[in-house]
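To start, the structure itself, in structure tokens.
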């Protein structure tokens, strides 16, 4: 066997094809259509298409809105910064894990910091990202008043920003449609009252997260609107919003105090902004033996809430959960597009599921913020 033939045994054909495509784009140094690239490189159209999509995903090639491809080779890996909401919050932990996995798959270096559910920490983390010269920041922090400060500092440093679930000025939003999931939760509560209580409702409580701003509060707005739509005779004074802050202890305190002040009311609906608030309310309800006249919906689908759905005597009716596994791949994909100069939609909504007594599986891996 000749040395030439022997050397060819060690070549990887698809890698050679990929390098042909990349080298051609580098030589041309202009935007080109797929048709021209596959003709000039003499590889199959399917192979070239897949090669180009991989290069776009990894940041070596950019794709314009009209479908043209151009070399955007980088001398090093992209480096993104991610500030998680809180290492103590299960949903934030799950988003971090999803992002780490997606970044590793895409060849993106990810600097992970913890906002600790605290505005001053989130601001300090933004400054750390600027010092580290990351190319993009993915922000997950709950304090609405800190959002414009973080956004302004990153903009001044020329760093694009993506925001998870809580909007930030001039940031690309990625998360749930808060009003929609709130409305769906309100429909579940109202339909229960119609079917089981003969449309009799004394109170409709909303456990908000005021510090997260109006978009997250639209979960409660949506729930209230659904109940008003289905139970139009319910007086406006029956609707009460409380700031549970998304925290179990605070929601427990608020609901316990409310129930003590209304010992004889028998038909109470509660829409909680997340499952931590819902579980705090549940503890207060059980302590006062009010589980027969109060029902609850939450958001995020944490295991403890799903266990409640398996109990037919529980006041918990449903938990509406985003698909956490979509966060990492979706965020990394959009981030690469932003860094390589592509235009992305300002709002990117993630899919969600409604878990109720009729739908929750025996073992489902879902987590909460």
>> Only bridges whose two residues both fall in the range 11-129 count here: according to DSSP, what percent of them are antiparallel, nearest 5?
In response: 40 percent
> In whole percent, what relative contact order does the range 184-236 give with Cα contacts below 8 Å and a gap of six or more residues?
Replying inline: 50 percent
> DSSP beta bridges in the chain, what fraction antiparallel, as a percent rounded to 5?
Replying inline: 20 percent
> Contour minus end-to-end for residue 351 and residue 97, with contour as 0.36 nm per residue of separation and end-to-end as the Cα-Cα distance?
Replying inline: 89.6 nm
> What FRET efficiency, computed as 1/(1 + (r/R0)^6) with R0 = 45 Å and r the Cβ-Cβ distance, is obtained for residue 286 and residue 155, rounded to the nearest 0.05?
Replying inline: 0.40
> According to the Kirkwood expression over distinct Cα-Cα pairs, how big is the hydrodynamic radius of the range 178-322, in Å?
Replying inline: 14.5 Å
> Taking springs between alpha-carbon atoms closer than 10 angstrom, which of 257, 66, 243 fluctuates most in the Gaussian network model of the chain?
Replying inline: 66
>> Helix-only mean residue ellipticity at 222 nm, the chain, DSSP H runs n ≥ 4 weighted -39,500 (n - 2.57), per residue, nearest 500. What is it?
In response: -14500 deg cm²/dmol
> Between 44, 120, 356, which gets the highest mean-square fluctuation from a Gaussian network model of the chain, Cα cutoff 10 Å?
Replying inline: 44
> In nm², what is the average projected area of the convex hull enclosing the Cα atoms of the range 3-71?
Replying inline: 5.0 nm²
> With a Cα-only, solvent-free Debye model of the range 1-144, what are the log10 I(q)/I(0) values at q = 0.18, 0.20 Å⁻¹?
Replying inline: -0.98, -1.09
> Each label point is 7 Å from the Cα along the Cα-to-Cβ direction; what then is the distance between the points at residue 16 and residue 266, in nm?
Replying inline: 8.3 nm
> Over the Cα atoms of the chain, what is the Rg over Rh ratio if Rh follows Kirkwood?
Replying inline: 1.10
>> Relative contact order of the chain, please, whole-number percent, based on alpha carbon pairs below 8 angstrom and at least 6 residues apart.
In response: 16 percent
>> With just the Cα atoms defining each centre, how far is the range 85-133 from the range 188-262? Give it in Å.
In response: 32 Å
> Relative to the longest principal Cα axis of the chain, at what angle does helix 178-196 sit, 0 to 90 degrees, rounded to 10?
Replying inline: 40 degrees
>> Looking at the chain as a GNM with Cα springs under 10 Å, which of 238, 314, 256 has the largest mean-square fluctuation?
In response: 238
> Against the longest principal axis of the chain, how steep is helix 248-261, in degrees 0 to 90 to the nearest 10, with axes from Cα atoms?
Replying inline: 20 degrees
>> If neighbour count is taken as other Cβ atoms inside 10 Å, put 231, 205 in order from fewest to most.
In response: 231, 205
> In degrees from 0 to 90, rounded to the nearest 10, what is the angle of the helix 119-132 Cα long axis to the longest principal axis of the chain?
Replying inline: 0 degrees
>> Please rank 251, 71, fewest neighbouring Cβ atoms within 10 Å first, as an exposure proxy.
In response: 71, 251
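The numbers here are math on the coordinates, done by the rules we state, and not lab data. Computed from a predicted model, the values in this text were never measured in an experiment. No Cβ is skipped: glycine too gets one built from the backbone with ideal geometry, and neighbour counts run over all protein chains shown.
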